[in-house]
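Input: a single structure, listed below in structure tokens.
The values are calculated or read from the model by the stated rules, or taken from the named source; none is laboratory data. Remember, predicted model here, so these are calculated numbers, not experimental data. Here the Cβ is made from the backbone with ideal geometry for all residues, glycine too, and neighbour counts use every protein chain on show. Note: areas computed on protein heavy atoms with side chains; ligands, DNA, RNA excluded. Shrake-Rupley method; radii C 1.70, N 1.55, O 1.52, S 1.80 Å.
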Amino acid sequence: MGRDMRRSLNPHMIDVSLNAYGWSGPWVARRGFDSLVQMSCGIAALGMQEAGEARPVPLPVQALDHATGYLVAACVLEALSKRATGQITSARLSLAGTAHLLAQHRCARVSEGAIVQSSEDFDPKRETTGWGPALRVKAPMDVSGQAMEWALGAGPLRRHDPHWS
């Protein structure tokens, strides 16, 4: 079912779509996942070059999956905020698109001072966690004027019995 058909069924629907290689071009119908996209878009080749290895070196995590997931969530939150004002939006994302964004913004190495933390990065309210008091990184946005809040502080896995609240 295409985007226009979905929109005709529900004109107020927030439609965020994701694929591996983008929405146009020769690979539009090609299926893929993070590791394949890292190999096919050059991330693993850059890792090989940086590490001085003879074989491709992908990132140590599924960074494209994670980053694209955050972008999907951000698109949904932005669409919810816009829908409250009567504007309906949609988004199309791809793992290859995220790889392109990441490749455009290469950082200097940490030893060169590329990562600098500031008190402005953190919510000023201290949180009680399973490891002691901590600060949480600020949420990137409010949703419909509501700041994000967490019902439970961070803590070790399996500290609570599973149940619906």
Shape call, the chain: gyration tensor on alpha carbons, a/c limit 1.5
oblate
Of Tyr21, Tyr70, which has the most accessible area with a 1.4 Å probe, and how do the rest follow in descending order?
Tyr70, Tyr21
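Which is the longest run of the chain containing none of the GluC sites (Glu not before Pro) found in DSSP loop states (not H, G, I, E, B) with at most 16 other C-beta atoms within 10 Å? Before the final figure, lay out the partial values.
Numbers: sites that count: Glu53, Glu149.
Formally, the longest exposed-site-free interval is 54-148.
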Solvent-accessible area per residue for the chain (1.4 angstrom probe, square angstrom)
77 Å²
Dipole-positive endmost among Gln146, Ala91, Ala73 within the chain (Cβ charges, Cα centre):
Ala91
Quick check: pseudo-label points 7 Å beyond the Cα along Cα→Cβ at Val61 and Leu135, how many nm apart are they?
2.1 nm
A student applying the Cα gyration tensor rule (rounded when a/c is under 1.5; otherwise prolate if a/b is larger than b/c, oblate if not) would label the range 117-165 oblate
Note, the range 38-50: 3J(HN,Hα) by Karplus (6.51, -1.76, 1.60, θ = phi - 60°), whole Hz, Gly/Pro = x, goes 4, 6, 7, 9, x, 4, 5, 5, 5, x, 4, 5, 5
Please report the accessible area of Trp150 (heavy atoms, 1.4 Å probe, ligands and nucleic acids excluded) in Å², nearest 10.
150 Å²
Label-point separation, Thr128 to Glu149 (7 Å along Cα→Cβ), nm:
1.6 nm
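Counting Lys and Arg as +1 and Asp and Glu as -1, each charge on the Cβ, what is the dipole of the range 28-92 about the Cα centre in debye, to the nearest 20?
On the way: 6 positive and 5 negative charges, 76 e Å.
Roughly 360 debye for the range 28-92.
Work out the length of the dipole vector of the chain about its Cα centre, built from +1 on the beta-carbon of each Lys and Arg and -1 on the beta-carbon of each Asp and Glu, and round it to the nearest 20 debye. Let's see the in-between values first.
Numbers: 17 positive and 15 negative charges, 85 e Å.
Dipole of the chain, to the nearest 20 debye: 400 debye.
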For the chain, the accessible surface attributable to carbon and sulfur atoms (probe 1.4 angstrom, ligands and nucleic acids excluded) amounts in percent to 57 percent
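Local charge sum around Thr98 (other residues, Cβ-Cβ under 11 Å, Lys/Arg +1, Asp/Glu -1)? Before the final figure, lay out the partial values.
Working: positive: none; negative: Asp34, Asp65.
Summing Lys and Arg as +1 and Asp and Glu as -1 gives -2.
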Built amide H within the under 5 Å cut-off of Asn19, gap 5+
Leu93, Ser94, Leu95
Taking 0.36 nm per residue of sequence separation and subtracting the Cα-Cα distance, how much length would be gained by fully extending the chain between Arg6 and Gln87, in nm to one decimal?
27.5 nm
Can you compute 3J(HN,Hα) from phi for each residue in the range 74-81, using the Karplus curve 6.51 cos²θ - 1.76 cosθ + 1.60 with θ = phi - 60°, rounded to whole Hz and x for Gly and Pro?
5, 5, 5, 4, 5, 5, 4, 5
